[in-house]
Amino acid sequence: MKKASPRTGRSAVLVAAGILVSRLTGLVRARAFAYYFGLSDEGDAFAAGFRIPNFLQNLFGEGALSASFIPVYASLLARADRREADRVAGAVASILALLVSALVLLGVLATPLLIDAIAPGFAGVKRELTIQIVRILFPGAGLLVLSAWCLGVLNSHHRFFLSYAAAVMWNAAMIVTLIVYGGATLPQLAITLAWGSVAGSALQFTVQLPVVLRIAPDLKFAFDTGSDHVKTVVRNFVPVFVSRGVVQVSAYIDSLIASLLPTGAVVGLTNAQLLYTLPVSLFGISVSAAELPAMAGALGADPAGSSTVRQRLNAGLRQIAFFVIPSAMAFIALGDVVAAALLQTGRFSHSDALYVWGILAGSGVGLLASTLGRLYSSAYYALRDTRTPLRYALVRVGLTTVLGYLFAVPLPRALGIPVVWGAAGLTASAGIAGWVEMLLLRRTLNSRIGHTGLAPDYIIKLWSAATAGAIIAWLVKLTLPSLHPAVAAVLILGPYGFIFLGATFLMRIPEASAAVARIRRRS
């Protein structure tokens, strides 16, 4: 099996480093938010309100642009046609800015209708506060979409770190807002925090723009729709836009169902999502983001080079699985330790951490499928096929909708479980749907480019090592006295990681050997 090239490996490390920095500040932001809001009505209002403008960002942002813009732009750069590449980038930015501006204005005006659609369980003061928050957040979401365009340009030029680390500015602005205005009443603090988010969005865009203008000197912002390359971007954007849309609809269905559950379900689900998207971002997005321009560039130089896609894909799948499987096991077996270490402070109690653990454990069901699915989708996008991922995204959404409701509402009642635990059913059902989507993506791609996927013995070895680590970690957990959650996490999760790495190293798994070698060099 061919390994990823050193350049691609370095690119994945840079993406992971940028994501890690931004996610760490995101965890600090989440901890600060938990300190001031806990699982309150105001926390629910902000968490639900935050999802609505994020819908706009996710529709037009990184995912859609990566799928439609980067393959075309990177192919032009690979053929050394920089002038045409910059012309395409400027045209895409102009079209995007106009479209997003119109949608932001429409969103601000239609906010009450949106609230009724995604959080019908909110009423009275809670609903009014959510409306205020959403109207403030919408312009910031528009800026984040333009920031995603910057990311597409930077990634195509293999400038990976800044594009992902820029989110630090957004997180930092919200953290500072919470610290400075934390003494305000919770409703007022929620509104002020929304303004802090908008300021952070502006900062995230402005730190990337100067670098974009420097590496793309021929960039001109104009509505140049006559270029065949621009038409290709727009044509590919539509199915990806719809695909992202149906996935976001799935997320909103989760939020809608959660709004029907008792207080704390919406913000609890949001806190859990912040944690379980960390390995998806670090290991799934980092590999996928590095491989997409590499695969697209290779196909641009050799349109018949599907074997290159297959080789890169298989190497990337192994890299992802090596890190994601122990992450999933940690969420399932040790989620209370993780949640308490990162969120237990102020109004966020130990019982809240246990509740988030239940949601995290549900997410562990489909964590591997979600991350592998991202890389499979990137392979389709490199092949300029945006319709196949759309078809399977529709299947996923249909399953998530049906299973999500069944797992969240009727099933807890039938089992005599408190209804608030239905939020854990939401993440578990989404995991099942994620597996179905990933397997469909793999089967169809294999019929086109040859066999791809992970060897069963490789998967068994990783799960066995993770299980051994979890057993040792539980023994440590049972023997520890009462300690600060962060200290307890170090003493429990440290042995877990050591056992997993040691076991996989003894099994002669190449990714483990590479990790051990890096540790030795640093020491």
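The values are calculated or read from the model by the stated rules, or taken from the named source; none is laboratory data. Please read these numbers as outputs of a predicted model, since none were measured by experiment. Cβ coordinates were reconstructed from backbone atoms using ideal geometry, including for glycine residues, and neighbour counts include every protein chain displayed.
Some notes on this structure:
- Test set (1) touching a Gly at 6+ places or on another chain (Cβ under 7 Å); (2) under 30 Å from GLN311 (Cα atoms) - ARG448 fails condition number: (1)
- For the stretch 381-404, filtering for residues that are surrounded by fewer than 22 Cβ atoms within 10 Å (Cβ to Cβ) and of a type outside the set (A, V, I, L, M, F, W, C) leaves 7.
- Scan the stretch 81-123 for residues that are over 27 Å from the mean Cα position of the chain (by Cα) and of a type in the set (S, T, N, Q) and the total you get is 0.
- Residue match in the stretch 83-95 (condition: loosely packed, with under 15 Cβ neighbours inside 10 Å and basic (Lys, Arg)): yes
- Against the criterion of being at pLDDT 85 or above and at positive phi, GLY90 does not qualify.
- Total residues in the stretch 358-382 satisfying the condition of being over 21 Å from ALA473 (Cβ atoms) and more than 17 Å from the chain's Cα centre (by Cα): the figure is 4.
- In the stretch 64-80, of all residues being modelled with pLDDT of 80 or more and over 21 Å from LEU375 (Cα atoms), the one that is surrounded by the fewest Cβ atoms within 10 Å (Cβ to Cβ) corresponds to LEU77.
- For ALA172: the one exception among (1) assigned to a loop (DSSP other than H, G, I, E, B); (2) of a type in the set (Gly, Ala, Ser); (3) modelled with pLDDT of 85 or more: (1)
- Subset of the stretch 399-416 that is of a type in the set (Gly, Ala, Ser) and touching a residue at least 12 places away in the same chain (Cβ under 8 Å) - its residue that is nearest to ALA369 (Cα to Cα): GLY404
- Filter result for the condition that a residue is within 24 Å of ASN155 (Cβ to Cβ) and touching a helix residue (DSSP H, G or I) at 6+ places or on another chain (Cβ under 6 Å), over GLY200, GLY196: GLY200
- Filter pass, GLY61 being of a type outside the set (D, E, K, R) and modelled with pLDDT under 80: yes
- Condition check for ARG413: in contact with a helix residue (DSSP H, G or I) (Cβ under 8 Å, 6 or more places away or on another chain), at pLDDT below 90, surrounded by fewer than 23 Cβ atoms within 10 Å (Cβ to Cβ) and not in a helix (DSSP H, G or I): no
- ALA341 in contact with a helix residue (DSSP H, G or I) (Cβ under 6 Å, 6 or more places away or on another chain), in the same structural domain as LEU269 (by TED's automatic domain parsing), within 30 Å of THR232 (Cα to Cα) and hydrophobic (A, V, I, L, M, F, W, C): no
- For the stretch 430-475, filtered to residues that are among the small types (Gly, Ala, Ser) and outside any helix (DSSP H, G or I), the residue that is farthest from the chain's Cα centre (by Cα) is GLY450.
- Residue match in the stretch 146-161 (condition: aliphatic (A, V, I, L, M) and surrounded by fewer than 16 Cβ atoms within 10 Å (Cβ to Cβ)): no
- Tally of residues being assigned to a helix (DSSP H, G or I), within 29 Å of LEU478 (Cβ to Cβ) and of a type in the set (Ser, Thr, Tyr) across the stretch 304-357: 3
Each row is one residue, and each column tells you yes or no for (1) assigned by TED's automatic domain parsing to the domain that holds PRO210; (2) β-branched (Val, Ile, Thr); (3) under 27 Å from GLY38 (Cα atoms).
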{"position": "VAL88", "(1), (2), (3)": "yes, yes, no"}
{"position": "SER94", "(1), (2), (3)": "yes, no, no"}
{"position": "PHE138", "(1), (2), (3)": "yes, no, yes"}
{"position": "VAL153", "(1), (2), (3)": "yes, yes, no"}
{"position": "SER156", "(1), (2), (3)": "yes, no, no"}
{"position": "ILE179", "(1), (2), (3)": "yes, yes, yes"}
